[in-house]
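The values are calculated or read from the model by the stated rules, or taken from the named source; none is laboratory data. Keep in mind the model is a prediction, meaning the values are calculated, not measured. With ideal geometry, Cβ positions are generated from the backbone for all residues, glycine too; neighbour counts draw on all protein chains shown. To get the accessible areas, we keep the full protein, side chains included, count just its heavy atoms, and leave off ligands, DNA and RNA. Shrake-Rupley method; radii C 1.70, N 1.55, O 1.52, S 1.80 Å.
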Amino acid sequence: MRTVWSICGMCTVRCPIKVEVDNNEIKWIEGNPYLLGGSLCARGAAGEALVKDSEKPQTPLIRKGPRGSGKWDPVSWETAIDYLATKLENIISKYGARSIMVSTRGGPWQDMWKAFCFALGSPNYTNHDSACGRNIHHASLSVYGVGRKGFALDIKNTKHLILFGRNILASLGVAEVNQVLDMMEKGGRLTYIDCRQTLTGIKAHRFFMINPGTDYALCLGMINEIINQNAYDAEFIEKYVLGFEELKKFIEPYTAEWAAKECGIKAKNIKEFVSEIAQQKPQVIFHRGWMLSRYRDSFYTSRAIHILNVLMGNIEVPGGQIFTKGAADCQKKGPRNFSSLVKKPEEKRADGVGWRYKHFDAGPGLFHLFYDAMLTEDPYPIKALICYRHDPFTCFPDPEAQKEALDNCELLVSIDTHYSEFGWYSDIILPESTYLERETPIALKKGTKPYLWLRQRVLEPRYNTKANWEIFLLLTERLGLKNVFPFKDIDEIWEWQLEPTGFSIEDFNDKGFIPLTDKPVLYDREKLEGKFKTPTGKIEIISNKLEEAGFPSLKPYESPCRPPKGKYRLIFGRSPVHTHSHTINNPLLHELMPENTLWLNAREAQKLGIKEGDLVDIIADSVKFTGKAHVTEFIHPEVVYTVHGFGREIPYQTRAYNAGFADQKLMEGLLQRMDPVGGGLCLCERFVIVRRSSRNPKRRVEL
Ligand SMILES: Nc1nc2c(c(=O)[nH]1)N[C@H]1C(S)=C(S)[C@@H](COP(=O)(O)OP(=O)(O)OC[C@H]3O[C@@H](n4cnc5c(=O)[nH]c(N)nc54)[C@H](O)[C@@H]3O)O[C@H]1N2
Ligand SMILES: Nc1nc2c(c(=O)[nH]1)N[C@H]1C(S)=C(S)[C@@H](COP(=O)(O)OP(=O)(O)OC[C@H]3O[C@@H](n4cnc5c(=O)[nH]c(N)nc54)[C@H](O)[C@@H]3O)O[C@H]1N2
Ligand code: SF4
Ligand SMILES: [Mo]
């Protein structure tokens, strides 16, 4: 029996794990006891089923028939890499390197593919984030000058955690769940706000059922009440905040009574809530979340949530928002990364970020804007798309609209452990070994207690698959980039990465990670000057940068559109036992949840003659799905809800094939609908028709 320290890969939270393995078979997986006390979620526990699942690509595949026809030639790695490199070389000679676009799922190991993209000579590296946290990231930058990940939330020690559609106990990361449970055990309070009841909501002390898309109104009402009750941290604001006086003036009309009318939460309850947090500050955290990045005004909602945190003065205190620390904060050096070997090409990005859209963070840009460039060749053609650990057809709305743009590309590449819906449409699939069958480069985990981590190989690959770094080295060598990335194997990569740190790979043996400090690192809260990277160095409630780009710092409220008669707003979320689309076919997790349902308010269902378990048609414009109804009183009457990731149409995945329905396929017309200031896609802005399906048996037989 061997013990291997590794990192879970069943979702992108990437929990550190400890695995017992015997004779290339897994005997036990648990969360790293030093970091997670052994905890693991259901998906993490289903890792072995992922390895054993044979309904995955088992060798590289090159497309034979038309795109999407599902006809594939299984080939060797040599043939696959040669095919891919030749295609890339042809595209570079015809259109220039800039016509190649690379997208990944983001996270600590994206660095390799970003470096690949830049080494080819293209600036067009991007990721999934315009469908996830971009609005929140941009709002955070505009307020604090640091991005979404600039603060760690000390949930465990807080007195009150407030969640706007952040279904923290279901849409989960193990460490965060542990923190919430610890906090509640210590007497901490939980307030949850959603348009439906959830696993988190039922554990909360206070649940607010909000009118869909009106969180901005609630935030404004809360800010008004905080100012009214003098419940803010005046000293902190005086020292660090720019624009408090303007905020006071702006907020005057947005009373709790006004907010109540808009968002459906009683003024009395808003006032009571504020009286409570007034006593608990600065140990009050308004979770920045992700979900609110799905409406037209999410950027401003998110700014308002950041402002609520600032009013609590919760920065750099235990139980608040603590600046994430890196190696330098521990007087150490971090590991080397691949990007340091290449220079970012100076060419303009094809998504327009950084020049056409100057207010967006130029880092990874915005994926969906590349579709414009593919269709119009403005500012120049995009002819190849390489996706690593990323499925745009599930991630972004309206796959049919995406295909129209992608048909202008000469090369579509999917590097994936599974058949993704995009992979199924692409020209070549390079199967990556599952996380238990591969290593990763070393990364620095920033936080209050930063550490170095890496994934070690637990098992030898079952099929003809390769690790990310192996694919990367094969491809770069074939493309003549060996001089840029001169590595033979992972040991050489690790050694090179660790050199400046003074640690060696053996230092991971004890605990699976290398801590850079014993105690949390906190800055002196009285001396935070220079930590806020805004143009003024202050927390900017008023942002000149934003105003220069033509957007207000404080935006007057506008009500969201209500659904037209006979339609419902389609909203979505996650199940604790699935990760987006890529666990739906996992034999164990499929058993736990084989399909999704459409949640529908009981009174609405009665009007439509729909009962629990009935088949219902869900209709957008040209897309129609039939699925099962879940009739409940615990959802707002204007919305219908489902779990994202289902409705897959890949016949090789027999369990997932046509099981349930796909919210993103119903989101016709939303591919380019983004929050203009935050850049996030407005995924909750689609209205659908719901009716009882004619596929129901005519007479109900009660057994
Ligand atoms: N309609 C709708 N759209 C959404 C969402 C929604 O709820 N509804 N959620 C949004 C959110 S929050 C996000 S983050 C995005 C997520 O969308 P994506 O960024 O596309 O991420 P995933 O769906 O997690 O996984 C994408 C692909 O990664 C593959 N994969 C998994 N593990 C590995 C691995 O170890 N190696 C490799 N090479 N591939 C692997 C999977 O098989 C899958 O095909 O979607 C967004 N889009
Ligand atoms: N099990 C599991 N955990 C995951 C993931 C997973 O796939 N599976 N994915 C991870 C990823 S990538 C992300 S981004 C996070 C996302 O985690 P969360 O941010 O918690 O987002 P969702 O699970 O999408 O849930 C969104 C909630 O918002 C609610 N909602 C919809 N409209 C409104 C509104 O107008 N106001 C309010 N207040 N609420 C509204 C929905 O009803 C739903 O309950 O989860 C992460 N954790
Ligand atoms: S939250 Fe669950 S699936 Fe995600 S990395 Fe952690 S254990 Fe794995
Ligand atoms: Mo996400």
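Points worth noting:
- Sparsely packed loop sites in the range 306-395 (the GluC sites (Glu not before Pro) outside DSSP H, G, I, E and B with at most 12 other Cβ atoms within 10 Å) comprise GLU346.
- The mean accessible area for residues of the chain, using a 1.4 Å probe and ignoring ligands and nucleic acids, is 39 Å² per residue.
- Global geometry of the range 100-219, whether rounded, prolate or oblate, following the gyration tensor of its Cα atoms and the 1.5 cut on a/c: prolate
- Listed residue pairs exceeding 22 Å between alpha carbons, taken from LYS18/LYS449; LYS149/LYS555; LYS18/LYS332; LYS567/LYS607; LYS445/LYS511; LYS281/LYS545: LYS149/LYS555; LYS18/LYS332; LYS281/LYS545
- Gyration tensor (alpha-carbon) shape descriptor, the range 567-692, a/c threshold 1.5: oblate
- Apportionment of accessible area to carbon and sulfur, the chain, percent (1.4 Å): 49
- Seen from all directions on average, the range 366-448 presents a Cα convex hull projection of 7.5 nm².
- Most positive-pole-ward Cα, GLY264, LEU190, GLY550, against dipole of the chain from beta carbon charges: GLY264
- Estimated 222 nm signal from helices in the chain, with DSSP H stretches of n ≥ 4 weighted -39500 (n - 2.57), rounded to 500: -8000 deg cm²/dmol
- For the pair LEU181 and ASP518, a Förster radius of 35 Å applied to the C-beta separation gives a FRET efficiency near 0.90, rounded to the nearest 0.05.
- Check: the chain dipole with +1 on Lys, Arg Cβ and -1 on Asp, Glu Cβ, in debye: 1200
- The chain: C-alpha gyration tensor shape, a/c 1.5 cut-off, then a/b vs b/c: rounded
- Neighbourhood charge, 9 Å Cβ-Cβ cut-off, centred on CYS195 and excluding it, Lys, Arg +1 and Asp, Glu -1: 0
- When you work out D = kT/(6 pi eta Rh) for the range 547-614 at 37 °C and 0.692 mPa s, using the Kirkwood radius from C-alpha pairs as Rh and the Stokes-Einstein form, the result is 200 µm²/s.
- Distance from the range 351-403 to the range 15-31 (C-alpha centre basis), Å: 39
- Of HIS418, ASN337, VAL616, farthest towards positive along the dipole that unit charges on Lys, Arg, Asp, Glu beta carbons give the chain: VAL616
- Peptides 190-199, 57-66 ranked from most to least packed, by the mean per-residue count of other Cβ atoms within 10 Å: 190-199, 57-66.
- 18 Å cut-off, amide nitrogen to a point 7 angstrom out along ALA549 Cα→Cβ, residues in the range 131-173: 131-150
- Charge dipole (the chain, unit charges on Cβ, about Cα centre) - positive-most of LEU169, ASN408, PHE207: PHE207
- Local net charge near HIS418, Cβ-Cβ under 9 Å (Lys/Arg +1, Asp/Glu -1): -3
- Net charge contributed by nearby residues that have their C-beta within less than 12 Å of SER39 (K/R +1, D/E -1): -2
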